[in-house]
Amino acid sequence: NRARQLEELRAFELARVFRTSAPGALPDESTQAVALLGRGGAKRLWGGDPPPVFFEAKGAAERVLAEIGVRASFRGGEVEPFLHPGASGEFRVGKSRVACVGELHPECAQRFELAGPLALLSFDLNALDRAGRAPQRFREV
């Protein structure tokens, strides 16, 4: 995107992820949907500084969870080593983490030659499937 003079970055990936929990143990396998958001330097309509990109990513995660009918609670704090510890958190349903969100740690962004504030959203599709859906509510019109 930046090579084509596009300031904003929006990318996503859907893939299986393998994580080892203990030496010699078989890895845990989950399907993850991940999105990377980057804000350009364009001027805002009403001026002023935009809020941190973390809040844009958190709002996007909340909208996705609401759209699919999953009621999750948010807990801020360090959740992944590649996310900034002061601007990250996770969404949980009970004891199960269904998503994490946060700003990409500057050192990690630098290693991949990424510039500007970047946020990452990661949804564990297997955990979302196990979480179930909130009952839909309808009202008479």
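Quick one: pull the percent of accessible area on the chain belonging to carbon and sulfur, 1.4 Å probe, ligands and nucleic acids left out.
54
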* May I ask you to give the solvent-accessible area per residue for the chain, in square angstrom, as obtained with a 1.4 angstrom probe? => 72
* Asked: So what are the stretch 19-80's ellipsoid semi-axes, whole angstrom, largest first, if each one is the square root of 5 times an eigenvalue of the alpha-carbon gyration tensor?
  -> 33, 16, 12
* To do: List the residues whose amide H sits under 5 Å from the amide H of R39, counting only those 5 or more places along or on another chain, with H placed 1.01 Å from N in the peptide plane.
  => L9
* Asked: Using the per-residue mean of other Cβ atoms lying within 10 Å as a proxy for protection, in what order, highest first, do the peptides 82-88, 61-67 fall?
  -> 82-88, 61-67
* Calculate, axis by axis, the spread of Cα positions in the stretch 16-141 along the three principal axes, and write the results as whole Å, longest axis first. => 59, 42, 22
* Asked: Residue by residue through the stretch 77-85, which ³J(HN,Hα) values in whole Hz follow from phi under the Karplus form 6.51 cos²θ - 1.76 cosθ + 1.60 (θ = phi - 60°), with glycine and proline marked x?
  -> x, 5, 10, 9, x, 8, 9, 5, x
* To do: Quick one: which residues, 5 or more positions from L83 or on another chain, have an amide H under 5 Å from its amide H? H modelled 1.01 Å from N in the peptide plane, none for Pro or chain starts.
  => H105
* Computed [θ] at 222 nm, helices only, for the chain once each DSSP H run of length n ≥ 4 contributes -39500 (n - 2.57) -> -5500 deg cm²/dmol
* Structure fact -> For 69-75, 30-36, ranked highest to lowest by mean beta-carbon neighbours within 10 Å, the order is 30-36, 69-75
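The values are calculated or read from the model by the stated rules, or taken from the named source; none is laboratory data. As the structure is a computational prediction, the values presented were derived from the model and not from experiment. Note: ideal-geometry Cβ built from the backbone for every residue, glycine included; neighbour counts use all protein chains shown. These area figures cover heavy atoms from the full protein model, side chains too; ligands, DNA and RNA do not enter into them. Shrake-Rupley method; radii C 1.70, N 1.55, O 1.52, S 1.80 Å.
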